[in-house]
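A short write-up of the structure that comes next.
Please treat every number below as a calculation from the coordinates, not as lab data. Since we're looking at a predicted model, the values are computed, not measured. Reconstructed Cβ throughout: ideal geometry from the backbone, glycine too, with neighbour counts over all protein chains shown.
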Amino acid sequence: MANPYRPAFSLRKQFSRLPKVVVYLLLFVWALISLVPIYWMVIGSLKTPSLAIAIPPEWIPSKATFANFRSLFMAAKMGRWTINSLLVSSVVTGIYLITSSMAGYAFAKKQFHGRNLIFWLYISTMLVPWFVLLVTSYTVIVDLGWVNTYWALIVPDLAGPFGAFMMRQFIQSLPSELFDAARIDGCSEWGIFWRIVFPLSAPALGVLAVFSFSSEWNSFIWPLTVTTRDKMWTLPVGLASLQHVKVTNFSLLMAGATYTALPMILIFLFAQKYFLKGITVGAVKG
Amino acid sequence: MLNTKTLLQRGWRTFSREKWGYFFLLPSLVPFTLFFIIPLVKAVVLSFNAAPLGKWKWGGLANYIAVVHDPVFWVATKNTVIYTLVVVFGITVVALILSVLIFSLGNVWQGFFKAAFYLPSIVSSVVIILIWSWLFNPAFGLLNYLLSLVHLPLVVWLGDVHTALPSLMVMSLSTGAGTGVILITAAMAGIPTDLYDAARVDGAGGWNLFWKITFPLIQPVLLYLLVITTIDAFQIFTPMWMLTSGGPEHATISVAFLIYRTAFQSFKFGQASAMSVFLFFFILIVSILYFRMMGREVSY
């Protein structure tokens, strides 16, 4: 019931003691710390190499050029790395969505012995630092003869506990009667999954797709470890190699960095909701 | 009495009733076996191997003893622990402050700041590190230019034993706080407002409300944030690979970087595996400490 003598209290008001100016100032300072490096990268990629290292630096470049991008594509196998990155990220994401919803469906709706035990064991593996497994995962790749192949870049990431966990949470909320009805109508078990569970999971799959695609696109240490030939590199590995070869051509490096970052920034701007949802899965109720 | 036949029959019946559950797990099992279970077992096995990769000779604790007697390993451990403590603590505190500040704003500004803080974490670490390699550059970098504007002495950020590791901490902190803000504000939004109303009626003020209500209720999320940032920070590798090679004078060498170098440059896979086992236990101990400290159930 509303109290006429006291305005309705909200959490927002709890922290409104500080003067508004101070709040905005502090937030803007941190926003600058976050954004200036990204801004510096983008304008650096548009400056000529000599303008990029001029002191004092130009905050708004007096002339912009795309020449760095052209020389980047001539100096390095950017086209090939782009194709590799696109191929690996898309294939992994496509299959990851299917394996995750299959596992999520089994954990959410199927009855079988050891279900909960398997689920919790599987989920707890997320706490194992993956660097611990890096060296011996590499030896598995060697044993399989997969060094410098797409298999090495793709297969290890085709399924994972995070996806299974997320899809289980979502599929649990789907009504079981739906599946029973389909079963009575003669739908096969696979058909129930493929024609009912999978399409109905679209909202969760969107979040998972953004998560999976971006982590594959940005992935560095694994592709660095399992590829030695430059035509098998992905964009981040190729980009890191430019830094060792080119001597302080910062505008060229920034062109490469901008080119690699741009798809992620675009996805983020257009699918921000999915990104943010992906972080809170498993951490926050609801 | 049950005979084998009926037992088998019963087992078969259970299995055929439940087979679809296992069937749907099957595709997840392949990558999990190949790239989790086998590498995990292999890491333990290899850590006892005294022969080069591909051959086998029982070496007992030889690899572990070699690691423990290697002074560089302890320098790497010290660096990693210091880096982790500073970055994790820094990220948590900054994220907490930013979240509280953000929460007093309207939806539009809240959305803007969240996006701004989170943007650096969506691009590859390689991209961030390249940008900072320029910002840190002693001659052409923005940081030294800003110092020169206020007439401060210039710093050789990554080339100086004293500033190299702190520089990397600053870089990680500047990009890492966004995730924390997203998590904490999401948790704060989930706290029922009538809890605050009740406390207000009881005469609690803003500061009290934060420590008595907000903080305890977001503790599970803080625990989650601490665990994921710690696991992340403990495996710090890419900045060393790209910028410092662990130098100058081992000032930035980390456990992960040392593992990588031991395996792929010195080809001592046994020792690298022994270090990996150490790394696993370091992180396990820290995680257990966190859960002991704050892992109470919270309900509201």
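Data for the structure
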| quantity | calculated |
| --- | --- |
| Integer Hz, Karplus 6.51/-1.76/1.60 couplings in order for segment B:215-229, x for Gly and Pro | 4, x, 7, 9, 4, x, 5, 4, 4, 4, 4, 4, 5, 5, 6 |
| Cα-based radius of gyration of segment B:144-255 once divided by 2.2 N^0.38 Å, which approximates compact folds | 1.56 |
| Max mean-square fluctuation residue, GNM over chain A, Cα-Cα springs under 10 Å, options A:Ile55, A:Ile98, A:Ile118 | A:Ile55 |
| Convex hull volume per residue in cubic angstrom - Cα atoms of segment A:77-245 | 136 |
| Rounded Å value of the spacing that divides the Cα centres of segment B:170-197 and segment B:209-231 | 9 |
| ³J(HN,Hα) computed for each position of segment B:170-185 - Karplus, 6.51 cos²θ - 1.76 cosθ + 1.60, integer Hz, glycine/proline x | 4, 4, 5, 5, 5, 9, x, 6, x, 4, x, 4, 4, 5, 5, 5 |
| Bins of 10 Å, starting at 0 and running to the largest distance - Cα pair percent for segment B:204-271 | 18, 29, 20, 15, 14, 5, 0 |
| Chain A - convex hull of alpha carbons, volume per residue in Å³ | 226 |
| Karplus-derived 3J(HN,Hα), 6.51/-1.76/1.60, for each residue of segment A:203-215, Hz, glycine and proline x | x, 5, 5, x, 4, 5, 5, 4, 4, 5, 4, 5, 6 |
| Given A:Lys109/B:Lys19; B:Lys42/B:Lys78; A:Lys77/A:Lys273; A:Lys231/B:Lys55, the pairs whose alpha carbons are separated by over 23 Å | B:Lys42/B:Lys78; A:Lys77/A:Lys273; A:Lys231/B:Lys55 |
| Cα coordinate range in segment B:73-294, projected on the principal axes (Å, largest first) | 66, 47, 27 |
| Helical contribution to [θ] at 222 nm, DSSP H n ≥ 4, -39,500 (n - 2.57), averaged over chain B, rounded to 500 | -23000 deg cm²/dmol |
| Student exercise, chain A dipole from Lys, Arg, Asp, Glu Cβ charges, in Debye to nearest 20 | 880 |
| Segment A:134-200, dipole about Cα centre (Lys/Arg Cβ +1, Asp/Glu Cβ -1), debye to the nearest 20 | 100 |
| Additional length obtainable on full extension of the chain from B:Val41 to B:His69, 0.36 nm per residue less Cα span | 7.6 nm |
| Those trypsin sites (Lys or Arg not before Pro) in segment A:39-124 that DSSP places in a loop and that have at most 14 other beta carbons within 10 Å | A:Lys63 |
| Within 10 Å of each Cβ in A:26-35, the average number of Cβ atoms from other chains | 6 |
| Segment B:1-100: trypsin sites (Lys or Arg not before Pro) in DSSP loop, at most 11 other beta carbons within 10 Å | B:Lys55, B:Lys57 |
| About the Cα centre, charge dipole magnitude for chain B (Lys/Arg +1, Asp/Glu -1 at Cβ), debye | 1320 |
| Of the chymotrypsin sites (Phe, Trp or Tyr not before Pro) in segment A:60-112, those whose Cβ has at most 11 other Cβ within 10 Å and which sit in DSSP loop | A:Phe66 |
| Theoretical ellipticity at 222 nm over chain A - DSSP helices of four or more residues, -39500 (n - 2.57) apiece, nearest 500 | -20500 deg cm²/dmol |
| At R0 = 22 Å, FRET efficiency that the Cβ-Cβ distance of B:Phe281 and B:Trp56 yields, to 0.05 | 0.35 |
| Estimated translational D of the protein assembly as shown in µm²/s (Stokes, Kirkwood radius over Cα pairs; 20 °C; 1.002 mPa s) | 81 |
| Listed residues B:Ile129, B:Phe291, B:Phe103: farthest to the positive end of the dipole of the protein assembly as shown (Cβ charges) | B:Phe291 |
| Globularity index of segment A:11-70, i.e. its alpha-carbon radius of gyration over 2.2 N^0.38 Å | 1.72 |
| Simple label model, 7 Å out from Cα along Cβ direction - B:Leu147 to A:His113, nm | 6.7 |
